[in-house]
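First comes the structure, then the notes that go with it.
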Amino acid sequence: MKLLTLNFLTCAVKSCKSTSASFPLHPKDCELVSDTLKSDPKLLFNILPRLDWSALSTTASELGFPGLPPSAPTKEELEANEKLFHDLHTLLLETHISEGSLVCANCGHSYKIKEGIANFLLPNHLV
Amino acid sequence: MEYMIRFTQSHETFRLAEIEALAVFEGIKLEVISYSLDSPFCLVKLPSEEAAIRLVRRSILAKSVYEVWGKASTYEGLFDSIRAESQHLWPLYETCSFKFSVDTFQGSRTPAEQRNLIERFGFLPFEGPIKMKGFDQEFCILEEWVHDSAAFGIQDPQSVCLARYLGSSARDIIAKYDLKKRKYISTTSMDAELSLVTANITLAGPGKLFYDPFVGTGSFSVACAHFGALAFGSDIDGRNIRGKGKVNILANFDQYGLMPQFGDSFVADLTNTPLRAARLFDGILCDPPYGVREGLKVLGSRDPTKGREVVYLNGKAHHTEEDYIPPKRPYSFLAMLDDILDFATFSLVDNGRLSFWMPTANDENQEIQVPQHPCLEITSICTQTFNRWSRRLITYRRIPDSEVPAEAIREQRAKEQGISADDLNPFRKGYFKGFKLNGK
C-alpha cells in the first residue's frame with residue numbers, strides 16, 4: 001500500500017470517524033518497499049490539495065523519513081523546489097508498505113497488510 | 001464548419017454520451033446537428049479541424065471524423081452541394097497526393113461500382129498523384145441506404161456525403177485489452193470495449209485520481225489507467241484483490257505497461273469504508289454486484305442482535321487470528337446504490353463524475369428507477385439490452401455546493417425490510433422468476 005493511500009485512509013469503524021485520533025492510522029512493524037516510477041508533475045500537483053499535510057508529516061516521521069516542511073507547499077512552491085518535488089514523489093508514490101499493520105489510535109483496532117494489500121474488513125462487534 | 005463523426009453501429013445509446021463526455025474533457029464546444037440511433041453518421045459543428053481530431057482520438061465508439069464537403073439525398077444533389085459549400089477549399093488540395101474511398105452503410109458496392117462512383121467526382125480540380133498508400137489526403141464517399149434495401153429492390157442510397165478524412169479514434173485499443181488475452185479475469189469482468197467507454201464517459205485522464213469500490217479483477221481500473229489516471233480500487237472480497245499467486249490486478253497493470261498508473265487496491269466494504277470523507281477523487285466508476293451471479297453482501301450479521309461482543313477462542317480474540325473471516329450479510333441493491341451516491345457526493349471533486357452500471361427489467365412495470373441525489377446531476381443514461389433485462393450505465397456530475405439548490409432535500413428511500421437476498425433485491429427476485437408479471 002502506497003503512503004499516498006495511507007493519507008486517504010482512516011479507521012473504518014463508524015464511531016471512530018468523528019474523532020481526530022483515528023487519523024492518520026499508525027504503521028506498526030511495517031516493511032517498506034520502494035519502486036522506481038517516472039514522476040508526473042500533473043499528477044503530483046493534482047494530489048497536492050487533497051493531502052492532509054499534518055497527517056503526512058506524522059506518517060513520514062513515524063516511518064523515519066526526513067522531515068517535511070511545516071505546511072503544505074503551494075503548486076508554485078513545489079514547481080520551484082525540485083528536491084521537495086522529488087521527495088514527495090518518492091514518499092507518496094514510490095514507497096509502499098508490503099507487510100505490517102495499521103493501528104487506529106482511537107479504538108486500537110489493527111488492520112493487517114499482507115503482500116501490499118491492506119484489509120479493512122471489520123469484525124462483527126465493530127460494525 | 002461541419003464535421004461528420006463516423007460511429008460504429010453498435011452500443012448505439014452509448015455513442016453520443018461518449019462523444020459529449022470527450023467534448024467536456026477536451027474543452028471543445030460541440031453542437032450536434034443531426035444524429036440518429038439508426039445511423040452511424042453524426043453531423044456536428046466544431047470550432048476547428050484540430051478540435052475535431054482531438055475530440056475523436058480517444059473515442060471507442062467513433063471510428064473516424066471527417067470534414068464535410070457536401071451532402072444530399074442524390075449524387076446530382078451532392079455535386080451541387082459540393083460546388084456550393086466547399087469550392088473555396090479545392091485550391092488547397094490541387095497538388096497533394098490523394099485517395100478516394102467509399103463507405104457504404106446498409107448497402108454494398110462492388111469494386112467496379114466504387115470506381116464508377118469515384119470517377120463521377122472527376123470535376124474536382126485535383127492534379128496531384130493518386131496513391132493507395134502514403135497519401136496526403138483521403139476523400140470518402142459516405143453512403144447511407146435504408147435498412148434491407150436489397151430486399152425492397154431499392155437502387156440508390158437515401159443520403160450521400162463527400163468528406164475529407166481528418167483522424168481516427170482509439171477503437172484499435174479494444175483488441176489490446178481483449179479479456180481473452182488478459183492475465184487476470186473472472187466471470188464478472190467487464191469487456192474491454194465497455195470498460196474503456198465507461199472510463200471515457202467518466203472523464204478519466206492524465207493526473208486524475210479514479211476509484212472503483214467494487215474493483216473485482218480491475219477491468220475499469222485498467223481502462224482508467226490506459227487513459228492516464230491513477231487507479232484505486234477496493235473490494236469486499238479479498239480473494240478478488242489478492243488473486244492467485246502472481247495472477248492478480250497488479251499483473252494486469254504489468255501486462256499492459258501501466259504500473260505508474262496503479263494507485264492501490266485494498267479490501268474494504270463500501271458501507272464501512274476506511275476512506276476519509278474528503279474530496280479525494282476525480283472520478284468514481286463501478287459495476288456493483290447485482291446479487292444474481294455474485295451475492296451482494298456487506299459487513300455484519302444477519303441477526304442484528306448477534307455478535308455484539310468479541311469472540312474468544314482458546315483465550316485469544318478470534319478476530320485477531322490469521323484465519324478470521326468477518327461475517328457478512330445480504331444487503332439491498334437499492335440501498336447500495338444510495339450508498340454509492342452518498343459516497344460520491346463527499347468524495348468527488350466539483351464536476352467530478354460518478355458512473356455505475358445497474359440492471360433493470362425490460363418490462364416497465366418492473367423497471368428499477370434511476371436513483372437521484374441533489375448534489376449529483378445526471379449527465380447520461382446508456383442502455384445495453386439483453387433478452388429480458390437490460391443494464392444501464394448511469395453517469396452523474398458532482399455539482400459544486402454553491403449550485404446545489406438549498407430546498408433540494410433528498411427523499412430518503414424507506415429502508416428495505418427483510419433479511420434474505422430475494423427480499424432485499426427486487427432485480428434478483430425478478431431475474432430468477434424470469435421477469436414474469438404476477439399471475440401470468
*Is it true that B:ASP282 is within 14 Å of chain A (Cβ to nearest Cβ), open to solvent by 10 Å² or more (accessible area, probe 1.4 Å) and in contact (Cβ under 8 Å) with a residue 60 or more places away in the chain?*
yes
*Could you check the stretch B:185-242 for helices (runs of 4 or more DSSP H) lying wholly inside it with 2 or more residues that are more than 15 Å from B:GLY283 (Cβ to Cβ), without any contact (Cβ under 8 Å) to a residue 60 or more places away in the chain and open to solvent by 10 Å² or more (accessible area, probe 1.4 Å)?*
B:238-242
*Give me a count of the residues in the stretch B:343-368 that are in a strand (DSSP E or B), of a type in the set (A, V, I, L, M, F, W, C), open to solvent by less than 10 Å² (accessible area, probe 1.4 Å) and out of contact with any Cys (no Cβ under 7 Å at 6 or more places or on another chain).*
5
*Any idea which residue in the stretch B:285-311 is farthest from the other protein chains (Cβ to nearest Cβ), counting only those that are closer than 24 Å to A:VAL103 by Cα and open to solvent by less than 10 Å² (accessible area, probe 1.4 Å)?*
B:VAL298
*Which residue out of B:GLU76, B:GLU138 is surrounded by 16 or more Cβ atoms within 10 Å (Cβ to Cβ) and within 21 Å of B:LEU43 (Cα to Cα)?*
B:GLU138
*Kindly indicate whether B:PRO371 is under 28 Å from B:LEU16 (Cβ atoms), within 20 Å of the chain's Cα centre (by Cα) and part of a loop (DSSP other than H, G, I, E, B).*
yes
*asked:* For the condition at pLDDT below 95, surrounded by 14 or more Cβ atoms within 10 Å (Cβ to Cβ) and within 9 Å of chain B (Cβ to nearest Cβ), what is the one hit in A:LEU93, A:LEU126, A:LEU68?
replied: A:LEU126
*If a residue has to be of a type in the set (Gly, Ala, Ser) and at pLDDT below 95 to count, how many in the stretch B:135-176 make the cut?*
4
*Restricting attention to the stretch B:243-279, report how many residues are under 21 Å from B:PHE227 (Cα atoms), open to solvent by less than 20 Å² (accessible area, probe 1.4 Å) and over 23 Å from the mean Cα position of the chain (by Cα).*
1
*What are the pairs, 6+ residues apart or on separate chains, where a residue within the stretch B:384-395 that is in contact (Cβ under 8 Å) with a residue 60 or more places away in the chain and closer than 19 Å to B:ARG353 by Cβ has its Cβ under 7 Å from a residue that is assigned to a loop (DSSP other than H, G, I, E, B) and open to solvent by less than 30 Å² (accessible area, probe 1.4 Å)?*
B:THR395/B:THR202
*Looking only at the stretch A:40-65, count how many residues are in contact with a Ser or Thr (Cβ under 7 Å, 6 or more places away or on another chain) and either farther than 21 Å from B:LEU230 by Cβ or modelled with pLDDT under 95 (or both).*
0
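The values are calculated or read from the model by the stated rules, or taken from the named source; none is laboratory data. Keep in mind that this is a model prediction, so the values were computed, not measured. Counting neighbours? That spans all protein chains shown, and the Cβs are built from the backbone with ideal geometry, glycine included. For accessibility, only protein heavy atoms count, side chains too; no ligands or nucleic acids. Shrake-Rupley method; radii C 1.70, N 1.55, O 1.52, S 1.80 Å.
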